[in-house]
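The values are calculated or read from the model by the stated rules, or taken from the named source; none is laboratory data. Keep in mind it's a predicted model, so treat the numbers as computed, not measured. Ideal geometry is used to build each Cβ from the backbone, glycine not excepted, and the neighbour counts take in all protein chains shown. Just the protein is used for accessible areas: all its heavy atoms, side chains included, with ligands, DNA and RNA removed. Shrake-Rupley method; radii C 1.70, N 1.55, O 1.52, S 1.80 Å.
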2 protein chains.
Amino acid sequence: MDDNKVFKALADPTRRSLLDSLCDANGQTLGQLCTAMDMTRQSVTQHLALLEGANLISTTRRGREKLHFINPVPLHDVYERWVRKFETARLGLLHDLKEQLERNDE
Amino acid sequence: MDDNKVFKALADPTRRSLLDSLCDANGQTLGQLCTAMDMTRQSVTQHLALLEGANLISTTRRGREKLHFINPVPLHDVYERWVRKFETARLGLLHDLKEQLERNDE
DNA sequence: TTGACATGCAGTCAAATACCTGCATATTTA
DNA sequence: TAAATATGCAGGTATTTGACTGCATGTCAA
């Protein structure tokens with residue numbers, strides 16, 4: 001998995017909104033996703049391509065339609081491999097900060 | 001908290017690297033953070049400003065030095081309010097995908 | 001088969017981004 | 001106080017990004 005692609009894909013509110021929409025109703029077509037997205041179909045397509053590149057969605061065709069499915073695995077991986085690291089260090093870091101601020105007051 | 005600022009701040013590998021560095025050694029000065037970052041001090045400053053704007057780090061001054069401390073709270077909030085939603089839906093969505101692909105094969 | 005529908009692809013363009021240089025300010029120390 | 005050190009601030013610029021238009025391709029249905 002490419003961490004950077006996932007983070008970049010999540011950086012845009014439009015793309016997060018698309019993921020939200022798919023979370024509500026998985027397997028939507030491009031056209032369906034467009035109706036909620038105040039922009040042209042072509043722009044939405046570009047965003048979806050980025051999400052697909054980050055493996056956050058996968059697609060399949062049914063006739064002339066393209067169906068979009070959310071893939072939560074990269075999100076989970078990012079959390080496990082990156083976010084959690086900072087979670088666990090939480091208390092210690094806050095303690096460090098407190099100590100540092102007090103030293104600063106001397 | 002501003003979700004968008006957090007996501008945008010995390011989108012850049014340099015900034016994630018800075019957070020990593022602070023996770024290893026919290027409370028580093030700007031100069032210390034720069035030594036590991038193959039770029040000018042001014043560029044690092046800009047990245048740090050973005051991280052601070054997203055509340056991912058907080059700073060304090062000690063004399064002429066500026067100390068940087070990581071703040072894991074926004075990361076935790078983003079996880080709780082955004083990522084977890086997709087986590088919990090995981091099995092159902094994969095099931096949907098399987099079903100959809102099978103329907104496509106008919 | 002032809003018209004309507006769903007999507008794909010190429011190119012344009014303005015705004016945002018991420019670097020940089022140059023200079024200013026504040027603090028420590030000899 | 002003067003020099004060295006640490007950081008702040010103001011632009012400049014090349015690249016990336018995110019939107020658009022226009023046209024092409026593929027599929028369904030009458």
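Structure summary
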| item | result |
| --- | --- |
| Of all residues in segment B:30-57 being loosely packed, with under 15 Cβ neighbours inside 10 Å and in contact with a Leu (Cβ under 8 Å, 6 or more places away or on another chain), the one that is nearest to the other protein chains (Cβ to nearest Cβ) | B:THR45 |
| Residue among A:SER58, A:SER43 that is of a type in the set (Ser, Thr, Tyr) and within 25 Å of B:VAL6 (Cα to Cα) | A:SER43 |
| Any hit, segment A:83-105, residues being acidic (Asp, Glu), at pLDDT below 95 and within 16 Å of DNA strand C (Cβ to nearest atom) | yes |
| Any hit, segment B:75-87, residues being more than 10 Å from chain A (Cβ to nearest Cβ), of a type in the set (Ser, Thr, Tyr) and buried (at least 17 other Cβ atoms within 10 Å of the Cβ) | no |
| A:PHE69 being within 16 Å of B:GLU87 (Cα to Cα), more than 16 Å from DNA strand D (Cβ to nearest atom) and facing chain B (nearest Cβ under 7 Å) | yes |
| Within segment B:16-29, tally of residues that are more than 8 Å from chain A (Cβ to nearest Cβ) and either within 14 Å of DNA strand D (Cβ to nearest atom) or open to solvent by 60 Å² or more (accessible area, probe 1.4 Å) (or both) | 7 |
